[in-house]
Amino acid sequence: MENISQNTPQNLQALKNTKAQVIIVGAGLAGSECAWQLVQRGISVALIEQRPQKKSEAHKTGNFAELVCSNSFKSTDSESAPQLLKSELHSLNSLVLESAQAASLPAGQSMAVDREKFSASITSKLKNHPLVECYEGEVTHFEELSLPAEQGLKPVVIATGPLTSQSLAQSLMPHVGEKLYFYDAIAPIVSGESVNREIAFLQNRRDKGTTEANPDGDYLNCPMSKEEYDRFIEALGAAEKVPAHDFEKAIYFQGCQPIEALLERGPKTLAFGPMKPVGITDPRTGKMPYAVVQLRMEDTEGRAWNLVGFQTKLKYPEQEKVFRLIPGLEKAQFYRMGSLHRNTFINSPALLGSNLQLKKLPHLYFAGQITGVEGYIESTAVGAFVGTAIAFRLKRGSDLLPPPATTAIGSLLNHVLNGKIKNFQPMNINWGLVPLNEINERDKEKKPKLVERGKRNFSHWKALLETLN
Ligand SMILES: Cc1cc2nc3c(=O)[nH]c(=O)nc-3n(C[C@H](O)[C@H](O)[C@H](O)COP(=O)(O)OP(=O)(O)OC[C@H]3O[C@@H](n4cnc5c(N)ncnc54)[C@H](O)[C@@H]3O)c2cc1C
């Protein structure tokens, strides 16, 4: 292929003459990483980005891989799942991770970055790469990208993220189903082992749905006295919130209000809403508590629990502070924090094959948050996998086996490919996604063991990939 090194993106019209082997829509975290993994393996790409011509509700610049909200790449604690994910990305020579490290700022046990330096470096590396052609403009219909290849059509990667433009999303609907637009009102998820069972108890409201096989019920209840409720409400009211974008305000009228917005109607609103105690009896007192926070199981093993109705826009550190005031959650470990924003994602477990290609249109791949992961590093990881998988297909003619679910990237892919089809929800990386298998839940060395096993299994998987070089 002709060497095209350019700083100025071409117009979308020019795309029909492209010699690039793979087309990527969206130069966000996932699209940029996907492009990088391909060019590292000698495969040319056409990378299309709508910004700065057309901006989303949250993006502000024309740079690739813009961070729309926080500048954190999560924990660097060596025993944490986000750090295992970063170590796997590092071993794949990830452009996103390398640029994050080069732009990192002091942030204790987290990786924070100078967002401008970070995005500028990714933009420059991709725009100046001889195997990358850059195009600017909104792709309004995925069929605009149906270009012939030696066999069939050129692979196209849809990496357009949570704020995928509406016309592109609409064009995909006949193939991915109507439920493509979501307003994501996410409640926090805590680890089951971190809930104090001397306070929280299993019970269904009015014992509805309990059976002989399951006499205790499905919900974990954290009961509150009036004093505890008042203290919680005061902290919730005072906590710092992420300001809402205009497009997010609209959804508050659609019945998925954040708890702090409910509170604005009066201090007792929550006690009559998501925290109503009706039908609950605290076994320690034999009485109905003043209020209750219910936790619903997220997985069959009860390792992850969702705080029901607690969608929130509180800043992440504030969520930890305020929600640990809930009796039983004093030492809660959070697998996922609450949030509320427009989120476009597809029902991947029903729609995608093992390399994240649409089963019905196999030249069409999906990467990033649109596949049903949540967060910067998670989206990057899916982009990295799709890049390597397409390289494998172009060079070997077959699908690449995803890394095992015991690895961080593998656990995310397992969620995306094998998650619940009914009510599939996006996920951050967390230990709850990683199967324990031979490792005991109560083992004090559980996390180091998960890390060691994950690293070992990832390096076996990577050896397979290295046969491509
Ligand atoms: C309001 C909001 C706040 C968030 N806060 C956080 C946070 O604090 N921490 C965190 O980890 N994650 C956060 N996220 C999630 C995070 O943004 C995503 O996980 C991550 O950016 C997803 O990466 P991506 O590459 O899939 O999508 P993006 O990074 O969004 O990239 C998609 C790209 O595709 C482009 N695009 C869209 N449609 C088209 C089209 N039709 N044609 C051409 N280009 C197109 C977009 O302009 C964009 O550049 C937030 C998301 C939102 C919406």
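Read the figures in this text as sums done on the coordinates, not as results from a lab. No experiment lies behind these values; they were computed from the predicted model shown. Note that each Cβ is placed from the backbone with ideal geometry, even for glycine, and that neighbours are counted across all protein chains shown.
Reducing the range 338-369 and the range 123-169 to their Cα centroids gives an inter-centroid distance of 16 Å. Neighbour counts of other Cβ atoms within 10 Å put Cys222, Cys69 in the fewest-to-most order Cys69, Cys222.
Secondary structure note: in the chain, about 65% of the DSSP beta bridges are antiparallel.
What is the range 370-469 by shape, rounded, prolate or oblate, if you read a ≥ b ≥ c off the alpha carbon gyration tensor as root eigenvalues and call it rounded for a/c under 1.5, prolate for a/b larger than b/c, and oblate otherwise? Verdict is oblate for the range 370-469.
Modelled spin labels at Met288 and Lys55, positioned 7 Å past Cα toward Cβ, are 5.1 nm from each other. In a fully extended conformation the segment linking Gln101 and Ala149 would gain 13.6 nm over its present Cα-Cα distance, using 0.36 nm per residue. Over the C-alpha trace of the chain, radius of gyration and Dmax come out as 23.1, 78 angstrom. Here the sum of -39500 (n - 2.57) over DSSP H runs of 4 or more residues, divided by the residues of the chain, equals -9500 deg cm²/dmol at 222 nm, to the nearest 500.
Our note on the geometry: Cα centres of the range 292-318 and the range 37-106, 28 Å apart. When the GluC sites (Glu not before Pro) in the range 99-198 are filtered for DSSP coil states and for at most 15 other beta-carbon atoms within 10 Å of their beta-carbon, the remaining sites are Glu150, Glu178, Glu198. Place +1 on the Cβ of every Lys and Arg and -1 on the Cβ of every Asp and Glu in the chain, take the dipole about the Cα centre, and give the residue among Gly368, Ala389, Ser411 whose Cα lies farthest towards its positive end. Working it through, the farthest residue towards the positive pole turns out to be Ala389. Within the range 419-467, the trypsin sites (Lys or Arg not before Pro) that combine a DSSP coil assignment with at most 14 other C-beta atoms in a 10 angstrom radius are Lys420, Lys422, Arg442, Lys444.
Taking Cα centre as origin and charging only the Cβ of basic (Lys, Arg, +1) and acidic (Asp, Glu, -1) residues, the dipole magnitude of the chain rounds to 260 debye.
Candidate cross-link partners of Lys313 among the lysines, defined by an alpha-carbon separation under 24 Å and a same-chain spacing of 8 or more, comprise Lys55, Lys60, Lys74, Lys179, Lys241, Lys249, Lys268, Lys276, Lys321, Lys331. Roughly what % antiparallel, to the nearest 5, for the DSSP beta bridges in the range 42-184? Expressed as a percentage, antiparallel bridges in the range 42-184 total about 50.
Please order Thr344, Thr76, Thr312 by the number of other Cβ within 10 Å, starting at the fewest.
Fewest-to-most ranking of Thr344, Thr76, Thr312: Thr76, Thr344, Thr312.
Could you tell me whether the range 90-143 comes out rounded, prolate or oblate from its Cα gyration tensor? Rule is a ≥ b ≥ c as square roots of the eigenvalues, rounded for a/c under 1.5, then prolate if a/b exceeds b/c, otherwise oblate.
In terms of gyration-tensor shape, prolate.
Sorting His460, His415 by the number of Cβ atoms found within 10 Å of their own Cβ, with the fewest placed first, yields His460, His415. In this simple spin-label model, placing a label point 7 Å from the Cα along the Cα-to-Cβ direction at both Asn423 and Gln333 gives a separation of 2.5 nm. For the range 56-115, the set of trypsin sites (Lys or Arg not before Pro) satisfying both a DSSP loop assignment and a count of at most 16 other C-beta atoms within 10 Å is given as Lys60. Simple point charges give the picture: +1 on the Cβ of Lys and Arg, -1 on the Cβ of Asp and Glu, and for the range 186-341 a dipole about the Cα centre of about 320 debye.
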